[in-house]
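I'd like to ask some things about the structure below.
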Amino acid sequence: MEKINHTDSPGGTILAVDDDPMILELYRRLLKKYPRVLYAASGTEALRLIREADDITVALIDFDLPGASGLEVIQELKRAFPGAEEAVVTASYDVQSAVESIKAGAARYITKPFNSGEILSLIDTTMERQQLREEVVRLKDRMREKGRSFMVVGRSKRMQQLMELVESTASLDTTVLILGETGTGKDLLARVIHEKSSRAKKPFVVTDCAVLSERLIESDLFGHEKGAFTGARDLRRGKFERADGGTIFLNEICTLPLDAQAKLLRVIEDGELERVGGSATLKVNVRVIAASNTDLETAVNEGKFRRDLFHRLNIVTLYLPPLRERREDIPLLVDHFLSSYAGKYSKEDCSFAEEAYDALFSYAWPGNIRELENAVERAVITAQPPRITVANLPPLLFRGKEKSRAPGRNSLILAENEERLIREALKKNGSNLSRAAEELGIARGTLYSKMKKYEL
């Protein structure tokens, strides 16, 4: 079988279209340093390549082509890839064709015989510009995720121990298995691991194995060839191909069908895959981080999960504790969400009344961090500044099982723990309120209110 090696390369894909075999051969020699170049000898062939491509960054297009015209090629390229830069390369300068091509979106009009340096300069400049655009997008994504990745970092002993393990293993480039209940932030922890690894500047690709059907999950992960199944009208690269050089996060790995598990094992062990309906073996270099909210060992014993795959995934296992087991982090998270949503909804002066804050601290949070975030957002939306009261909290916090658990005794235990934590922080920081509040992960005003409550 033919092996296709996907190597790292600068920029994107180049499309070169010309019906003159000598010009195409010249392009092949001129562009040989670029690993991703598509060549077409007719307008019709160019349209097909555009429709099958994942990206095209720059195109060199002859205006007079057999089949579809150069103008049609430009229009289709602009429709499929709005950011692509098109240059019309033609034998003679014609004002009308130049005007038409520029109107269609072409950025340059070059006449033959052309200067090779001009072509290379155009391509290199476009590639650099594309790389800068991609870097800006990555930086924006990181800035956006930085605030969310904050949610898996806490001051509790459990989280401190977890993050120490993350720090020591993130750079090892091995598979990681994250276990934890729904809503604990497994996807965010996976992103933190990726950003602390040597792959941080490469793609971080996410797929939820529980969302897609058994037929579609293999196509999603490994891609498919055109005509592989009903509805597969075009070739599609899978997420492993798109994650090449970076990290893929497989959420709810326990739901992955057995056939797909076998293919996943091959990718992990050999770095090889085949698209659905294809025969060519593709090489990829991807770090796998998987997550599950159920016990995979039980699934192995029940025959629902491959034992060999489990052992390949289980090299480094991280357990993300539920929020009820890291209550010390609730004040930190509440303040973070309050600051975020108060700004979003222009209610910067909002703060939790004492009884509302205590309700948040006392609840069991079966939905974990996600449920806490939703509760704080709802509270901010419904609040009449400056106070957020119990009435602004979801009714679920006050009914059912959580309410029936000896509230008087539990409240006393929580209050004692909170008072002790505040006393320790004040003592450690020499009664400096700002430093103590920072250590506790709460606002200075919140600390002051609690000191008054406990007469400290």
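The values are calculated or read from the model by the stated rules, or taken from the named source; none is laboratory data. All values derive from a computational prediction rather than experimental measurement. All Cβ positions, even for glycine, are placed from backbone atoms using ideal geometry, and neighbour counts span all protein chains on display.
On the basis of being farther than 23 Å from Leu165 by Cβ, outside the structural domain of Thr184 (by TED's automatic domain parsing) and of a type in the set (Phe, Trp, Tyr), does Phe352 make the cut?
Answer is yes for this residue.
I would also like to ask the following. Do we find a residue being assigned to a loop (DSSP other than H, G, I, E, B) and at pLDDT below 90 anywhere in segment 69-76?
Yes.
Follow-up question, since we're still on this one. Failed condition for Ser351, given (1) among the hydroxyl-bearing types (Ser, Thr, Tyr); (2) more than 28 Å from Glu195 (Cβ to Cβ); (3) surrounded by fewer than 18 Cβ atoms within 10 Å (Cβ to Cβ), with all others met?
The single condition Ser351 does not satisfy is (3).
Something else now. Could you list, in sequence order, all residues of segment 226-253 that are under 25 Å from the mean Cα position of the chain (by Cα), more than 26 Å from Ala200 (Cα to Cα) and surrounded by 15 or more Cβ atoms within 10 Å (Cβ to Cβ)?
Leu235
Follow-up. Out of the residues in segment 241-284 meeting the condition of being free of Cβ contacts under 8 Å to residues at least 60 places away in the same chain, in contact with a His (Cβ under 9 Å, 6 or more places away or on another chain) and not small (Gly, Ala, Ser), tell me which one is nearest to Ala228 (Cα to Cα).
If we take residues in segment 241-284 being free of Cβ contacts under 8 Å to residues at least 60 places away in the same chain, in contact with a His (Cβ under 9 Å, 6 or more places away or on another chain) and not small (Gly, Ala, Ser), then Val276 is nearest to Ala228 (Cα to Cα).
Got at least one residue in segment 148-158 being modelled with pLDDT of 80 or more and either touching a strand residue (DSSP E or B) at 6+ places or on another chain (Cβ under 9 Å) or not in a loop (DSSP other than H, G, I, E, B) (or both)?
There is at least one residue in segment 148-158 that is modelled with pLDDT of 80 or more and either touching a strand residue (DSSP E or B) at 6+ places or on another chain (Cβ under 9 Å) or not in a loop (DSSP other than H, G, I, E, B) (or both).
Would you point out the residue of segment 185-199, among those that are over 11 Å from the mean Cα position of the chain (by Cα) and of a type in the set (Lys, Arg), that is surrounded by the fewest Cβ atoms within 10 Å (Cβ to Cβ)?
Restricting to residues being over 11 Å from the mean Cα position of the chain (by Cα) and of a type in the set (Lys, Arg), the top hit is Lys196.
Quick check on my filter: what residues within segment 182-196 are touching a Gly at 6+ places or on another chain (Cβ under 9 Å) and of a type outside the set (A, V, I, L, M, F, W, C)?
Across segment 182-196, the qualifying residues are Thr182, Gly183, Lys186, His194.
Would it be correct to say that Leu162 is buried (at least 19 other Cβ atoms within 10 Å of the Cβ) and under 29 Å from Ser340 (Cα atoms)?
Criteria met by Leu162.
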